[in-house]
1. Could you list, ordered by first residue, the pairs with Cβ atoms under 9 Å in which the first is in segment 56-84 and in contact (Cβ under 8 Å) with a residue 60 or more places away in the chain and the second is charged (D, E, K, R), at least 6 apart or interchain?
2. Hey, among 59, 97, 27, which residue is in contact with an Asp or Glu (Cβ under 7 Å, 6 or more places away or on another chain) and not aromatic (Phe, Trp, Tyr)?
3. Quick check on this structure: which one of 52, 27, 80, 97 is more than 48 Å from the chain's Cα centre (by Cα) and either surrounded by fewer than 10 Cβ atoms within 10 Å (Cβ to Cβ) or of a type in the set (Gly, Ala, Ser) (or both)?
Amino acid sequence: MIFHHFSVIILYGILLFLFSIILSSFAKFVYLCFFYFRIISERLKQISLKLAEIQSGEAPEYLQPLAELEDNMRIRLEVAGVLRKFRLKNLDNQYEAEELTAKQNFEVFIAV
């Protein structure tokens, strides 16, 4: 009978020990979940603020590359305009040359 009471006490002690291990593991898990939730929430807040800065045009790391892109665009538009002007002038010269050639051929043909 004493052995039976002793084994029950040991069994309750083992169960209490296992329960404390499970409870401490669960507490660690809950703490880690809360910690990761805070990290993710903070990161989302930072991303939202950065997006608001970009949309309002106030983000410095966005403004510098944007200024460079706009400058490159302006230069490329100027070069394209000059190239277009030269190509049109070339077409005019080719037209005039063809017109002059046709006129000279016609004059030679009439003279014969």
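Throughout, read-outs are computed from the coordinates displayed, never taken from laboratory work. As the structure is a computational prediction, the values presented were derived from the model and not from experiment. All Cβ positions, even for glycine, are placed from backbone atoms using ideal geometry, and neighbour counts span all protein chains on display.
1. Final answer for the pair search is none.
2. Working: 97 fails: in contact with an Asp or Glu (Cβ under 7 Å, 6 or more places away or on another chain); 27 fails: in contact with an Asp or Glu (Cβ under 7 Å, 6 or more places away or on another chain).
The unique qualifying residue is 59.
3. Details: 52 fails: more than 48 Å from the chain's Cα centre (by Cα); 27 fails: more than 48 Å from the chain's Cα centre (by Cα); 80 fails: more than 48 Å from the chain's Cα centre (by Cα).
The match here is 97.
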